[in-house]
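Here the structure is laid out as structure tokens; the discussion comes afterwards.
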Amino acid sequence: MGCSSFIYFSRAATSTMPEKNEWFESWFHSPFYELLYYKRDRSEAKEFIEALLNHLRPESHARFLDLACGSGRHSVYLASKGYEVTGIDLSDELIEKARRDERDNLSFYVHDMRNSFRINYYDYVLNLFTSFGYFDTDHEHVRVLHNVFKGLNSGGLFVLDFFNAEKVIAALVKNETKEINGTRFDISRIVENGFIYKNIVVTANGTEQKFQERVRAYLAHELQHCFEEAGLSVTERFGSYDLKPFANDSDRLILIATKGHA
């Protein structure tokens, strides 16, 4: 595995949507996505963002981009601290939900992160809760990072929150069943061709639907190489939401990178 080797926007969907159907389009548009991950709530987001802010100590006027923001739980808390925050996500359903919390310093847009957004604008770009590695090719992932580079102003920082793929693969739970509010989730996982696949069969109200998650299983050094290709220099690595140092047995891989010279 590894990496190989875009302007502005309107209020509506801003990017050219891919013609093919991609797994995250159907899954993130489904109400079952947020039900399965209901424990990933605003209280968890608050704790992580507080730890980040205490570490980064941004200026009071700092601008943040929440890349692949989902329904905006991290964005909302950041905005409550007074920062200017923009959230973008490919899912119009999740953005519609996020827009209920919009205010003067908080805005949301439907946007594909493979296309560039604002240029030389943000002090911080955040990509949280394993919202990276979703695409077919390394080229697309590096393209996302190039867009991060372009969106950051001089001296800006990028924060990526990813899973620790090495630990996830070593401890992979191949099959499990969860019952949440009367909905059954039968989940199976495999590792194939450098991706971790999660196949999800949802049974609700007597009907069955099938979904899939697929994430590129980037190791720490591979992600760092991807960053370097995009002109981003990794300066710090953490392994948990309370920002403990990264180790082989860490649950998370949190990288902080500065904008260099592409």
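The values are calculated or read from the model by the stated rules, or taken from the named source; none is laboratory data. Because the structure is predicted, anything quoted here is derived from the model rather than measured. As a convention, Cβ positions derive from the backbone with ideal geometry for all residues, glycine included, and neighbour counts pool all protein chains shown. With ligands, DNA and RNA removed, areas are computed over all heavy atoms of the protein, side chains included. Shrake-Rupley method; radii C 1.70, N 1.55, O 1.52, S 1.80 Å.
Observations on the model:
- Spans of strands (runs of 3 or more DSSP E) in the range 175-262 with at least 1 residues surrounded by 15 or more Cβ atoms within 10 Å (Cβ to Cβ), of a type in the set (A, V, I, L, M) and within 22 Å of the chain's Cα centre (by Cα): 183-192, 195-204, 207-216, 232-238, 252-259
- Residue that is nearest to Arg118 (Cα to Cα) [pool: residues in the range 34-66 that are in contact with a helix residue (DSSP H, G or I) (Cβ under 9 Å, 6 or more places away or on another chain) and among the acidic types (Asp, Glu)]: Asp66
- Residues in the range 116-130 that are surrounded by 17 or more Cβ atoms within 10 Å (Cβ to Cβ) and of a type outside the set (D, E, K, R): Ser116, Phe117, Tyr122, Tyr124, Val125, Leu126, Asn127, Leu128, Phe129, Thr130.
- Checking Glu34, Glu93 one by one, the residue that is modelled with pLDDT under 90, of a type outside the set (Phe, Trp, Tyr), surrounded by 15 or more Cβ atoms within 10 Å (Cβ to Cβ) and closer than 25 Å to Leu253 by Cβ is Glu34 and no other.
- Odd one out for Ile169, checked against (1) β-branched (Val, Ile, Thr); (2) in a strand (DSSP E or B); (3) open to solvent by 30 Å² or more (accessible area, probe 1.4 Å): (2)
- Filter pass, Asn105 being at pLDDT 95 or above, out of contact with any Phe, Trp or Tyr (no Cβ under 6 Å at 6 or more places or on another chain) and open to solvent by 20 Å² or more (accessible area, probe 1.4 Å): yes
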